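Visitor: My questions all concern the structure below.
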Amino acid sequence: MATTEETKEITPLGLGDFARGLGLLLVVPSLVLGLVIAAHAAQASAPLRPGAPPWMVDADTTPQRLAIQQAALDTMVRAARRESRAAHSTVVTVAHRAVLVLTPRPHPYGVRALRRVPRAATMLSGHRLLVRVPIVVARGARLVLGSWHVRQLLLESSSLGGASIMGMRGTIRLTGTAQQPLRITSVQPGTHVPDTTIDDGRPFLLERSGSMRLRYVHADDLGFGEGTSSGVAWVGRAGAPALGVVTHSTFTHDRFGAYTYRARHMTWAYDTFDDNQAYGFDPHDFSDDFVVHDDLAMRNGRHGIIFSRGCEGNVIERNTAAFNRGHGFMIDDGRSGVTSGPRRMVGSSHNLLSQNRAVGNGHSGFEVEGGQGNEVRLNQSVANYTGIRFRSQASGDIESNDIRRSRLYGVDIEASAGRVRVRNNLGTGSWSDFTADRTVRAVANHFDVVQARSSAHGRRELTGLLTRSAAFLEFRPGATIWLVVLLVPLGAVAVKLPRSCRASGDDARSLPRGREDP
């Protein structure tokens, strides 16, 4: 039997096959290199982390101004106590200073009553009333001034605060009209031009545990110290809160625009706090159950509207805070470098910030520090340093807000915050639209950039799949080698398999077909 040897032909390697093999060998390293280059290009083009927010005006007073404040208050209190049982108003001299004390009577004091004391007040041309000495509205007395009798109330300034007006459980009503607001301002002696210097004291308005109502009032260039002497202030005490209603009024160029302490159930509507040295509107310690709506706070040296230290049950809605150096809106626990003891840190809780607008503020549009159950919902934040921030054990809800173009963070939940729920918010155009340093319940939000952090070069760290994969491969060259070792054979098999299938199909078609059965 003869044996037949099968002869196999060896086909020489062609240039095309060599090129395909080389390409297959280089495809994985090329993909890795392209991934790394693309990640670095994206990182290089990422937005730079913004610098620090702007500095804010110091809200604390100097020892000199604090001494002036104390002296002015002591003088008026002593005068009121001396004449508490007087039958009629009188000028009292205390520590070489004259003080006009308005004592109770059946009908209120007005312009006519003040003009009867030439030493205290004089009517000037243009319906302007110049007040030369401090005025105290004693308990049970009423002071009512309207722009139909006096268009400008000029409070003469002096080295000890000047002609301030203080109610001591009395009643003060200051009223203008939309066409003719009542203007109240400090003036320098002799010149009758506004006093713009605060270091030597300046007149102020203050109600202590009584009621002061303002309507269509323009208060400017008032105040010099903290709280009580800061401009226009309501100050109560435990069991005797300050009361009042303020509408359609403007506070500008004051030390603070308006200030409250232990006040209750106040209404603030359609007011403007503009270009004040420190705060625009500053309800402080235990100012509760306020309704603040349709107000404007802008261009103030610190925060626009701030509820600080133990303030509860306040409704702040449909207001605008714009271009303030500090926060637009703030709910605060009252931490301060100059306070101590039980007043130092008391959270402000169960306050509602709704339908407000914060634009272009130097720090946060909405800042919540401390307190429980504070709600920030249906607000708009545009071009603030940070849109909404919770910190210092603050807890509550951030719901249905529109946060756009924040310089740093849209929503920022710091590690020190309490339990916060973030729901149905829109954040876009910020350096990072959402960042949290603690666990947060976030539901149904739309944020374009989430959890961004700053790199060593100050740019935003990209956190997508592209960057993570490139970083993994760039710093693990061994992984690239294994990819080549594993993927090249698999790629070769993948390329070869279709060819084998096609060849098998061709061989099958070339076989002769058998006869079909009849």
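No value in this document is a laboratory result; all are computed from the given coordinates. The model shown is predicted, which means the values in this text are computed figures rather than measured ones. Note that each Cβ is placed from the backbone with ideal geometry, even for glycine, and that neighbours are counted across all protein chains shown.
Visitor: Suppose R0 equals 30 Å; then what is the FRET efficiency for TRP55 and VAL315 from their Cβ-Cβ distance, rounded to the nearest 0.05? Don't jump to the answer; show the numbers that get you there.
Guide: On the way: r = 32 Å, r/R0 = 1.05.
With a Förster radius of 30 Å, E is 0.40.
Visitor: Could you rank the peptides 54-60, 169-175 by their average count of other C-beta atoms within 10 Å per residue, with the highest value first?
Guide: My ranking of the peptides, most packed first, is 169-175, 54-60.
Visitor: How large is ³J(HN,Hα) for each residue in region 141-156, as worked out from phi by the Karplus curve 6.51 cos²θ - 1.76 cosθ + 1.60 (θ = phi - 60°), to whole Hz, x for Gly and Pro?
Guide: The phi angles translate into 8, 10, 10, 10, 10, x, 6, 6, 10, 9, 8, 9, 10, 9, 9, 5 Hz.
Visitor: Quick one: putting +1 on the C-beta of Lys and Arg, -1 on the C-beta of Asp and Glu, what dipole do you get for region 59-272 around its Cα centre, in Debye to the nearest 20?
Guide: Numbers: 27 positive and 13 negative charges, 227 e Å.
For this selection, approximately 1100 debye.
Visitor: Something else now. For region 59-272, what does the alpha-carbon gyration tensor say about shape, rounded, prolate or oblate, given a ≥ b ≥ c as the root eigenvalues, a/c under 1.5 as rounded, and a/b over b/c as prolate?
Guide: Rounded, since a/c falls under 1.5.
Visitor: Further question on the same structure: Work through the residues other than THR171 whose Cβ is under 10 Å from its Cβ and net out their charges, Lys, Arg +1 and Asp, Glu -1.
Guide: +4
Visitor: Once phi is turned into ³J(HN,Hα) by the Karplus curve 6.51 cos²θ - 1.76 cosθ + 1.60 with θ = phi - 60°, what whole-Hz value does each residue of region 196-210 show in order, with x for glycine and proline?
Guide: Couplings: 9, 9, 9, 5, 9, x, 7, x, 8, 10, 8, 10, 10, 6, x Hz.
Visitor: Using the 10 angstrom Cβ neighbour count as an exposure proxy, how do TRP234, TRP148 rank, fewest first?
Guide: Listed from fewest to most nearby Cβ atoms, that is TRP148, TRP234.
Visitor: If you don't mind, another one. What is the calculated FRET efficiency for VAL443 to SER416, with r their C-beta to C-beta distance and R₀ = 22 Å, to the nearest 0.05?
Guide: The calculated FRET efficiency here is 0.45.
Visitor: Using θ = phi - 60° and the Karplus curve 6.51 cos²θ - 1.76 cosθ + 1.60, what whole-Hz ³J(HN,Hα) does each residue of region 223-236 get, with Gly and Pro shown as x?
Guide: Listing the rounded values in order: x, 8, x, 9, x, 4, 10, 8, x, 10, 9, 10, 10, x Hz.
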